[in-house]
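Bear in mind that the values in this text are calculations on the coordinates, not laboratory data. All values reported here derive from a predicted model rather than from experimental measurement. Cβ coordinates were reconstructed from backbone atoms using ideal geometry, including for glycine residues, and neighbour counts include every protein chain displayed.
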């Protein structure tokens with residue numbers, strides 16, 4: 001087992017981050033993932049542009065509709081990002097640690113003045129920086145395409161809302177990068193790490209929304225009178241909402257809907273006052289939209305911290321043989 005050396009535990013962090021970021025940005029894997037995201041996003045953006053060109057003079061948030069409008073058979077741009085971001089993040093992190101073991105380079109790296117703390121954090125920061133570069137470039141392409149093809153400049157609130165959505169997308173990417181990094185620490189086989197990470201993503205994105213209502217009804221069975229009247233028991237609904245928000249995909253989708261659709265007034269049960277405000281057509285200010293999605297955004301940040309901490313603990317307990 002490697003011994004600790006005196007000095008800062010973050011010694012070598014900059015060197016690891018720069019080296020890993022250069023590897024990510026120059027790899028063929030990154031090129032393939034980038035083209036996958038760009039081409040699918042361009043198709044979704046084209047469908048949105050076709051649907052909103054007739055409403056540029058009446059819609060005060062026409063630029064935000066570039067992210068939310070969908071034209072069959074493609075989903076909206078925001079929905080596509082919710083599907084593609086986990087793929088890119090898992091593709092960058094599933095072999096971050098076990099790849100060093102398989103290439104027999106881990107002991108060589110740790111024999112240098114580089115601590116395990118700096119190695120793991122450097123790999124995570126490099127992956128997050130690569131994802132940030134991709135998301136920022138994609139955001140600039142969307143805003144530039146909308147400015148050129150629509151001929152209408154975005155308002156200040158539209159820019160702020162889209163930037164807040166960009167931050168939420170980066171936090172969502174950090175969740176799946178942290179999960180991929182954890183799998184790369186736990187499993188020595190890169191294929192096993194990738195399959196487990198992809199399996200967890202598919203479970204939380206596709207299966208969990210179908211299982212959560214059944215589990216909620218088992219935990220808090222609805223009242224018989226409410227069922228017979230065709231209503232929904234509030235206790236059961238509360239459990240269902242809580243279980244649904246255990247999925248990062250649900251947290252990201254709720255954040256995207258609220259930030260990109262200013263008319264969204266609630267993510268749970270809708271009350272009469274909210275319906276009246278929606279019927280009047282008055283959009284919420286950005287501060288109130290942020291207040292609605294603050295729990296979802298902090299949930300994404302907390303998931304990133306929990307997953308990275310779990311990977312850190314597991315990595316510190318592993319034995320590195322020369």
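How many Å³ per residue does the convex hull of the Cα positions in the chain occupy?
Looking at the chain, the number lands at 163 Å³ per residue.
How would you classify the stretch 136-206 from its alpha-carbon gyration tensor, with a ≥ b ≥ c the square roots of the eigenvalues: rounded for a/c under 1.5, else prolate if a/b is greater than b/c, otherwise oblate?
Judged from the Cα gyration tensor, the stretch 136-206 comes out prolate (a/c at least 1.5, a/b above b/c).
Once both axes come from the Cα atoms, what is the angle between helix 190-202 and the longest principal axis of the chain, in degrees from 0 to 90, rounded to 10?
Here the helix axis deviates by roughly 20 degrees.
Which order do 196, 304, 136, 186 fall in if you start with the one that has the fewest other Cβ atoms within 10 Å?
Fewest to most other Cβ atoms nearby, the residues stand as 136, 186, 196, 304.
When you count, for each residue, the other Cβ atoms within 10 Å and take the mean per peptide, how do 153-160, 247-254 rank with the highest first?
Ranking, from highest mean packing down: 247-254, 153-160.
Between 0 and 90 degrees, rounded to the nearest ten: what's the tilt of helix 234-244 against the longest Cα principal axis of the chain?
For helix 234-244, the angle is close to 40 degrees.
With axes computed from alpha carbons, what is the tilt in degrees of helix 156-186 against the longest principal axis of the chain, rounded to the nearest 10 within 0 to 90?
Between helix and principal axis, roughly 40 degrees.
Starting with the fewest neighbours, write out 312, 46 ranked by other beta-carbon atoms found within 10 Å of each beta-carbon.
Ordered from fewest to most neighbouring Cβ atoms within 10 Å, 312, 46 come out as 46, 312.
Using a 7 Å offset from the Cα along the Cα-to-Cβ direction at both residue 147 and residue 129, what is the distance between the two label points in nm, to one decimal?
About 2.7 nm separates the two model spin labels.
Post the alpha-carbon centroid distance, the stretch 170-217 to the stretch 97-165, in whole angstrom.
Using only Cα atoms, the two centres lie 19 Å from each other.
If I stretch the segment between residue 189 and residue 71 completely, what's the gain in nm (0.36 nm per residue apart, minus their alpha carbon distance), one decimal?
38.4 nm
Rounded to the nearest 500 deg cm²/dmol, what is the calculated helix-only ellipticity per residue at 222 nm for the chain, with -39500 (n - 2.57) per DSSP H run of length n ≥ 4?
-23500 deg cm²/dmol
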